[in-house]
């Protein structure tokens, strides 16, 4: 396998179209790895404390939604759970 320096040099020489193709692949790969790490952390319980803190903050009125859940759902396709007490 090539060293990082060799890979960097190769990337620097790529034509624009190939660079864009690599960029898209790299973004997708980074996102795939991030998703896998979040899944693993979720399964292992590593995120439990953060969830408990967020739930406690919400109960105490220390948190708020950054934008309406309906808007976020339309834009991202992610459904949001109702806030506690709703």
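No value in this document is a laboratory result; all are computed from the given coordinates. Here the structure is a predicted model, which is why all the values come from computation and not from measurement. Quick reminder, even Gly has a Cβ in these numbers, built from the backbone with ideal geometry, and neighbours come from all protein chains shown.
If you stretched the chain out fully between residue 31 and residue 58, how much longer would it get, using 0.36 nm times the residue separation minus the C-alpha to C-alpha distance?
Details: separation 27, 0.36 × 27 = 9.72 nm, distance 2.83 nm.
Additional length available on full extension: 6.9 nm.
What's the ranking of 47-55, 10-18 by average number of surrounding C-beta atoms within 10 Å, highest first?
Working: 47-55: 11.3, 10-18: 9.8.
Per-residue mean Cβ counts within 10 Å order the peptides as 47-55, 10-18.
More than 12 angstrom separation, counting every C-alpha pair in segment 4-60; what % is that? Before the final figure, lay out the partial values.
Details: 1210 of 1596 pairs.
Cα-Cα pairs in segment 4-60 separated by more than 12 Å: 76 percent.
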